[in-house]
Amino acid sequence: SPGAHGFDYFFGFKSGFTDYWQHTDGDGQPDLFENDHPVEVTGYMTDLITERSVRFIEQNAQRPFFIDVAYNAAHWPYQLPDTPSKARDNARHLGPFDDATNIRADYVAMLERADQGVGRILETLDTLGLRENTLVIFTNDNGGEWLSRNTPLFHHKGTVWEGGIRVPAVIRWPGRIPAGSVSGQVGITMDLTASILAATGTPVPAEARLEGINLLPVLEGRVPEIERTLFWRVVGQTTVRSGDWKLLFDGARPLLFNLRTDIGERENLIGQRSDVARRLRPLLEAWQEDVDADAKGVASRTTVTR
């Protein structure tokens with residue numbers, strides 16, 4: 001629960017997805033909370049999140065605040081705003097393998113409602129005079145799935161291809177980050193933690209072992225872009241990106257791409273640049289060993305009580 005991770009207030013659901021109108025989880029159980037108390041509130045989930053976010057900003061406008069607005073849109077079930085329904089009453093709304101007839105339009109309508117919510121939140125910041133002193137970050141957790149169009153990226157959520165791991169990131173901080181600028185800096189979600197802590201001047205104890213870096217000096221144009229080596233894995237797929245090069249294992253098959261010239265990952269260069277693949281593979285293997293060892297250490301220190 002967010003309350004166990006430092007948040008002072010929470011409104012939302014706790015499962016991987018929720019019914020937008022009934023606010024129930026995949027088993028049909030109630031799944032809407034204010035802090036840790038179950039609540040019943042009428043309305044479309046996207047709109048409820050927007051309304052509570054705007055209210056929180058208004059109530060805290062006179063002091064520093066942090067707010068994480070985590071929309072579930074446009075995750076399935078594909079339920080339209082302004083059209084109350086139950087997901088289980090319409091088979092084509094139940095999940096990603098449904099009949100695709102006209103579903104794309106539903107997906108777009110759901111995403112547009114979230115976009116309107118973002119607009120209301122930004123408008124609230126402007127109205128309250130907070131625009132110049134507020135760092136706003138817009139991003140999401142993974143590439144689109146099923147109904148999204150990830151072109152020119154290949155593949156979707158649940159993979160380590162670019163269509164699964166590369167996501168939008170729009171950051172607004174007037175007077176600090178030049179408006180309309182575009183950065184080629186490679187970043188990961190963990191960088192946002194380090195960047196926010198730096199922006200707020202928050203001391204970070206060494207034992208925190210932050211895995212991200214502060215991106216703000218790069219985005220502000222004060223230092224050049226930083227070359228990164230990053231890793232990902234899902235069941236059956238692993239990958240390492242170092243600079244422009246990306247070595248990907250889809251099953252046992254090794255694939256090598258240069259993302260600067262081939263963002264769509266269509267030209268496998270493993271035959272021409274096996275030297276790069278040989279350099280990157282030990283890095284990927286060492287990272288996996290480190291992650292697995294860390295997971296075992298955590299498991300050995302964890303006590304589960306019922």
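The values are calculated or read from the model by the stated rules, or taken from the named source; none is laboratory data. Not measured: the values here are computed from a predicted model. Neighbour counts run over all protein chains shown; Cβ positions are idealised from the backbone, glycine included. Please note that ligands, DNA and RNA were not included when accessible areas were found on the heavy atoms of the full protein model with its side chains. Shrake-Rupley method; radii C 1.70, N 1.55, O 1.52, S 1.80 Å.
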Completion exercise
Restricting the range 191-212 to residues that are in a loop (DSSP other than H, G, I, E, B) and touching a residue at least 24 places away in the same chain (Cβ under 8 Å), the one least open to solvent (accessible area, probe 1.4 Å) turns out to be Gly212
Exercise for the section: Could you check Val235 against (1) free of Cβ contacts under 8 Å to residues at least 60 places away in the same chain; (2) aliphatic (A, V, I, L, M); (3) within 25 Å of Gly184 (Cβ to Cβ) and say which number it fails? Expected result: (3)
Practice task
From (1) in a helix (DSSP H, G or I); (2) among the polar types (S, T, N, Q); (3) open to solvent by less than 40 Å² (accessible area, probe 1.4 Å), pick out the condition that doesn't hold for Thr159.
Solution key: (1)
Exercise for the section: Report, by residue number, each residue of the range 103-141 that is modelled with pLDDT under 95, not in a helix (DSSP H, G or I) and not charged (D, E, K, R). Expected result: Asn140
Exercise for the section: Kindly check whether there is at least one residue in the range 259-276 that is surrounded by 14 or more Cβ atoms within 10 Å (Cβ to Cβ), among the aliphatic types (A, V, I, L, M) and more than 24 Å from His156 (Cβ to Cβ). Expected result: yes
Fill in the blank from the handout: Within the range 152-175, the residues that are of a type in the set (Lys, Arg) and closer than 14 Å to Trp232 by Cα are Lys157, Arg166
Fill in the blank from the handout: The residue from Pro77, Pro38, Pro81 that alone is in contact with a Lys or Arg (Cβ under 6 Å, 6 or more places away or on another chain) and either free of Cβ contacts under 8 Å to residues at least 40 places away in the same chain or within 30 Å of His156 (Cα to Cα) (or both) is Pro81
Exercise for the section: Take Glu58 and decide whether it is charged (D, E, K, R), over 21 Å from Ala4 (Cα atoms), open to solvent by 60 Å² or more (accessible area, probe 1.4 Å) and touching a helix residue (DSSP H, G or I) at 6+ places or on another chain (Cβ under 8 Å). Expected result: yes
Problem - Tabulated pairs, the range 267-285, first among the polar types (S, T, N, Q), second open to solvent by less than 60 Å² (accessible area, probe 1.4 Å), C-beta under 9 angstrom, 6+ apart or interchain - result: Asn268/Pro254; Asn268/Leu255; Asn268/Leu256; Asn268/Phe257; Gln272/Leu256; Ser274/Leu256
